[in-house]
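Each remark here refers to the structure printed beneath this line.
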Amino acid sequence: MLSGSRATATLISAWRRALRWISFETPLGIVPRLSIAFAAVAILAVVVNLVSEHGRTIIRSMERGYPAAPAEAGQQEADRLPASLETLLRATLARAERNDHARSARYREAVEAFTAARESYRTAVTPLLGAGPLTVLEEHAAAHAVLAADLVRASDTRPQLLQELNAELGSLDARITASLDRTVRIFGKVVSREFLAAASALLDEMATQTAALAVPQPATTKNVAALARNEAALAAILRDNEASFVRIEGRPWLDRMQRDLERFRRLRSLLIRIDREQEARIEAFAVSHATLSGEIRKTSANFEAARAFAAARRQSYDAFSAISAQEHRQRTLLVWLSVCILLLLLATSVNTVVSIVRPVRRLLTATRRMAQGELDVTVPRGGIKELDLLAVSFNHMAEQLAAAQALARQYHNQLEAKVEERTRQLQHLAEHDPLTRLPNRRQLLTHLETAMRTAAEHDQLVGVLFLDLDHFKYVNDSMGHVFGDRVLQAIAERLRSAVSAIGFSARLGGDEFTVVHERATDAAEIQRTGQELVLAFQEPLVVDGRELLMSLSVGASIYPEHGREPEALLRAADAALFRAKASGRSQLSMFSPELLEAAATKFATEQGLRRAVERGEFELFFQPEVDFATQEVLLVESLLRWRLPDGSYAYPNDFLPVAEDCGLIRDIGDWVLQTVVQQASRWHRAEWPGVRIAVNVSSAQLLDKRFVDTVQELLTRHSLPPDCIEFELTENVLQTGLHTIEALRQLRAIGVGVALDDFGNGYSSLASLEQLPLTRAKLDRSLIANIDTSTRSQAIATAIISLCQSLGLEVTAEGVENHAQFAWLRAHPSIAMQGYLLSRPVPGEVLLSAISGMPARMRALLQFHRPPVLERQARLRRIR
């Protein structure tokens, strides 16, 4: 046995020394690989024979080194521990649930049984496993016993705490009941005190909810929340009725009630916390139980494995001791077979090396020559079939490579020429507008920066002129975009020739162009350039044989006065252009700082409007229109207000023009319409059955094809009669065409009223009366403002009132602000009036009270104007 072991150790040592001499970083050839494989097989054959020869001796030596398999003693002791662990779990949970004599006795017996089972288990398992594997198990078992004791000890504190909680609740209830019993009797009837009855009812509910806490399980979240709400409600009753309690029971009684209620709250919180902590202990105890059960199962499995392994060693020894003389013949046969296999492997290896190495070397040589540029090289055929096919493929590849190289050289020359040409084209496209061939925005910024640096070095100025074609949209709409592109090209040519001596021009996009005046000496020179550009485009353009007059609006900024960055100069010139277009077009406007301030204000207003609807910052005020004859409110006009963050209100004239410019007017109008219909529906079903509300609508809303359907859908949804709503529109609605008039007719068809606002202030008032399907005309406040002093205003107002009444239209006079105006309008009792003299716009919550007081207000005004006033007005009419 010793000689075989020494031989095995020698072979292993030699193999390790050989591995140290081999560099695995360098790939091995086929000869070293086959040699290593042959050596490995030979070593393996020798090792197999040595193991076979000395196998029996090794097994016997192993058998003498280990004890025999143990008997079945100790199995029952090992099985007692899991059973006692389960018994301890049930007894502990039962003891934690309720403390009585039987459960306490079972808990003590379970603890004693568990301790005895642990000792028996250690005695049974230690002989095979040793003391080390049982250390973790013992630690878990000791910790589990401690958790069980903590769980039982903590469960004993809950009944005492619950008893104190009920005592505090009883004390509270007794005081409230005693106070109720002392209520005063007047004429044989009990005078009830609602807050005492409410407190008594809350205490009854709290008693029921406290009784639910007596269950040993943790209270539900819903029950705890209800009890907390009742505590807060009782505290609120004591606090809100403090004066009554002090008057009835005295300050000490109230202080005791508040202290007892606070102690009840603390006891209830402590009970809930104890229940939650107990629940955590139960969960930790369950987790410890599961962990300890797992450790017991693992240790028991190791114990059974050790028993089985010992039995297997005994059986192996018995099997090897039955070997006969036939083993010697088998070993001899195994030696001869090993020799034959080694010889066959050697012959195969030599033949493989010869068949592979020679063709591979020829392929390597040909590849090296091809890499050096010899594309006509060929490889001789021979060797195994796969390498011979590889040589044929290599020769075919060499032929194709030679042809491909010649073709690639030709294509490469052509590609280089095309790339050079495309690069020049792309460079030009990247810096110029493709339609007009003028520099684009990118090239403009580059040239402008260069011009600014040059001007700074020579103490000169640079002018940036922003150009916009007036009404160019009409050209595209009437003659098409193709013709419009030719117009833009003609404009670019005129600009190029007009500014070639002073600077350069560029196209930013659409019909917007920019001219940069380089090396200007003063601002007047830049202003003259702008005026010359405006005059240059007053000459007709000839495009495709047609003469066109295309005027320009120009905005100008100056470096460095208006900015030291290209973007700042462009922004300033754009602001100046906006003012030029607003001033009547075909004009030059120089930049001033006020333009950016106005633009910033407009931008801030626009941003605020976009968030106003979402934040609920819009509010509606209502101003009544009073019938002179009946002194009653005919209808109210809804007026929009924007509540600003500082609490002030913005009026429509301050933000509606911005809303029209940025396209938000339709969203705001839709919100106003929905709010008015909802408010009218509430009043119609309650305090004001005959409600009528006037709503101002914009042209954008009437141009919406869905507007009439939306109105009808809102009226139907809120069950509101159509005559409760009246739409007011200004005369600019006529500029939107027949579609708007048709929408108004559809509104009249469903019963909605239509009023013409600001009548008498436009240029087509009489045409409005003839074209629009109106129900009411409202005299503009500019007529009413001078009606008490101007005979012309009086004559115009009288004529308009007579004309409207002859057409069957109702008439409302707006802007009645003083007594003199009221006195003159008194001569026309068939009209309605609206103004600050009668009522200012008020919020919806106070409107009904303002309406109810309107007849008294009208009577007071009529009484104020005595007959002498009427006589003076009659004398004025006779004089006229």
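Annotations for the structure displayed:
- Considering residues of the stretch 699-731 that are touching a strand residue (DSSP E or B) at 6+ places or on another chain (Cβ under 8 Å) and outside any helix (DSSP H, G or I) only, the residue surrounded by the most Cβ atoms within 10 Å (Cβ to Cβ): ILE725
- Of the residues making up the stretch 624-666, those that are acidic (Asp, Glu) and closer than 19 Å to ALA694 by Cβ are GLU625, ASP627, GLU632, GLU637.
- Near pairs, Cβ below 6 angstrom, 6+ apart or cross-chain, from the stretch 649-667 (over 13 Å from SER699 (Cα atoms) and among the aliphatic types (A, V, I, L, M)) to any residue that is in a helix (DSSP H, G or I) and open to solvent by 50 Å² or more (accessible area, probe 1.4 Å): VAL658/LYS602
- Here the condition is being more than 30 Å from ILE43 (Cα to Cα), within 60 Å of the chain's Cα centre (by Cα), without any contact (Cβ under 8 Å) to a residue 24 or more places away in the chain and open to solvent by 60 Å² or more (accessible area, probe 1.4 Å); of LEU389, LEU401, LEU407, it holds for LEU407 alone.
- The stretch 823-851, residues that are under 12 Å from ILE784 (Cβ atoms) and either in contact with a Pro (Cβ under 8 Å, 6 or more places away or on another chain) or open to solvent by 60 Å² or more (accessible area, probe 1.4 Å) (or both): GLN834, TYR836
- Test: residue in the stretch 592-612 that is modelled with pLDDT of 85 or more, open to solvent by less than 20 Å² (accessible area, probe 1.4 Å) and in contact with a strand residue (DSSP E or B) (Cβ under 8 Å, 6 or more places away or on another chain): no
- Residues that are in contact (Cβ under 8 Å) with a residue 40 or more places away in the chain and of a type in the set (Phe, Trp, Tyr) within the stretch 671-726 comprise TRP671, TRP683, TRP688, listed in sequence order.
A quick yes/no check of all residues on (1) among the aliphatic types (A, V, I, L, M); (2) touching a residue at least 24 places away in the same chain (Cβ under 8 Å):
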position	(1), (2)
LEU807	yes, yes
HIS819	no, yes
ARG826	no, yes
SER852	no, no
ALA860	yes, no
GLN863	no, no
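- From the list ALA105, ALA174, the lone residue that is open to solvent by 50 Å² or more (accessible area, probe 1.4 Å) and either free of Cβ contacts under 8 Å to residues at least 12 places away in the same chain or not in a helix (DSSP H, G or I) (or both) is ALA174.
- Here THR446 passes the criteria (1) part of a helix (DSSP H, G or I); (2) open to solvent by less than 10 Å² (accessible area, probe 1.4 Å) except the one numbered (2).
- Residues that are surrounded by fewer than 17 Cβ atoms within 10 Å (Cβ to Cβ) and within 18 Å of SER849 (Cβ to Cβ), drawn from the stretch 620-656: GLN631, GLU632
- Qualifying residue in the stretch 454-467 (condition: within 20 Å of GLY563 (Cβ to Cβ) and in a loop (DSSP other than H, G, I, E, B)): yes
- Taking every residue in the stretch 350-376 that is closer than 12 Å to ALA391 by Cβ and pairing it with any residue that is open to solvent by 70 Å² or more (accessible area, probe 1.4 Å), at least 6 positions away or on another chain, the pairs with Cβ-Cβ distances below 8 Å are PRO359/LEU390; ARG362/PRO380; LEU363/LEU390; ALA366/THR378.
- For the stretch 790-799, the set of residues classified as surrounded by fewer than 21 Cβ atoms within 10 Å (Cβ to Cβ) and in contact with a Phe, Trp or Tyr (Cβ under 9 Å, 6 or more places away or on another chain) consists of GLN794 only.
- Cβ pairs under 6 Å, 6+ apart, first in the stretch 604-618 and in contact (Cβ under 8 Å) with a residue 60 or more places away in the chain, second of a type in the set (Ser, Thr, Tyr): none
The values are calculated or read from the model by the stated rules, or taken from the named source; none is laboratory data. It should be emphasised that the depicted structure is a prediction, and the values quoted were computed from it without experimental measurement. Because the Cβ atoms are built from the backbone with ideal geometry, glycine has one as well, and the counts that use them run over all protein chains shown. Ligands, DNA and RNA are excluded from the accessible area calculation, which covers all protein heavy atoms including side chains. Shrake-Rupley method; radii C 1.70, N 1.55, O 1.52, S 1.80 Å.
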